[in-house]
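Report on one structure; see the data block that follows.
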Amino acid sequence: MARTAYCKRCGKEVDAGEMCPFCGTRLGRNAAHAAWCVERIPVKDWMYWNSVMRLLLPGTLVILVLALLAEGLSGGIGAVEKLLSSAFPAVLGVLLATVLAVVFLILLFQGKELSDFVVDSRGVHETRYLPDPTPLKLILRMRRPVLSGEEDPRVVKLGERHIAWKDVARVQLWPEKCMALFYAPAWWLRIPVVCTPFSWEDTMDYVREKLGKKKKVSLPASLRAPGPAPARRRSAPARRFPEPEAEQLYMEELTAAEETPESPETQESDGADPLT
């Protein structure tokens, strides 16, 4: 399982629990987390292309709209039709294809990366590393080709991304790829989390625990926490009617009591003067 805990005294990952199995130190409430590492190749990873397209496609659309607007204000509808029938759209398409080819080469020569993911009670965290850095790989990632004295020559930290549970507005799942996308706000992708088959269930448990009861967060049905069972309405007790035989017997006794004459002693006692 991917869920572990970090012992500050030992300085290493241990099995999740209340006590450290090595030094006996009591582990904090937030010590438990799900942590794993995956290797990613940018040129084959759609999430890298997705981050490029989210900037490239809107930029191309803005350029086209501005050109059409400028032609329309200066020459009217005829100028707009003339611009669309000219070589401008083709030139814009060639420029877009050229930029995509350059991006492909950049991602190809960047080499592989390592992504450390941590999901805990505070949120989702990602740390990216570059193993075996070279000057070319650093330049293609917009970093200085010379490593500083504080950096390990075998691995370079590229950056971190964090998102707290309270900031998550939408979660989208790709179970077939063990991928979870966290959005904040609901239309902007913040962190794509690439899980492993061993860390998928632990990650889903954290998401279900922290976000499953929040109605404002857009979640798949599988992540919704089950709500309380609806209270049952207490029905009025059924009116019990006497059985036919008991009712008939009761009516016969009542009729017999009414037809029985009073005894003479009872009549004399009823008609006697109380003073005598």
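Values as computed for the structure displayed
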quantity: The range 67-152: chymotrypsin sites (Phe, Trp or Tyr not before Pro) in DSSP coil with no more than 14 other Cβ atoms inside 10 Å; calculated: none
quantity: R0 of 30 Å, Cβ-Cβ distance Leu56-Ser86: FRET efficiency to nearest 0.05; calculated: 0.85
quantity: Convex hull projection area averaged over all views, the range 43-109, Cα basis, nm²; calculated: 4.7 nm²
quantity: Amide H contacts of Leu158 (H built 1.01 Å from N, under 5 Å, at least 5 apart or other chain); calculated: Arg128, Tyr129, Leu130
quantity: Restricting the range 159-232 to chymotrypsin sites (Phe, Trp or Tyr not before Pro) in coil, as DSSP defines it, with at most 14 other Cβ within 10 Å; calculated: Trp187, Trp188, Phe198
quantity: Loop sites in the range 138-198: trypsin sites (Lys or Arg not before Pro), DSSP, at most 11 other Cβ within 10 Å; calculated: Arg154
quantity: Flagged links, alpha-carbon separation over 21 Å, of Lys177/Lys215; Lys44/Lys210; Lys112/Lys137; Lys166/Lys213; calculated: Lys177/Lys215; Lys44/Lys210
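Values in this text are rule-based calculations from the coordinates and carry no lab data. Owing to the predicted nature of the structure, the values given are computational and were not obtained by experimental measurement. Note that we place each Cβ from the backbone using ideal geometry, even for glycine, and neighbour counts take in every protein chain shown.
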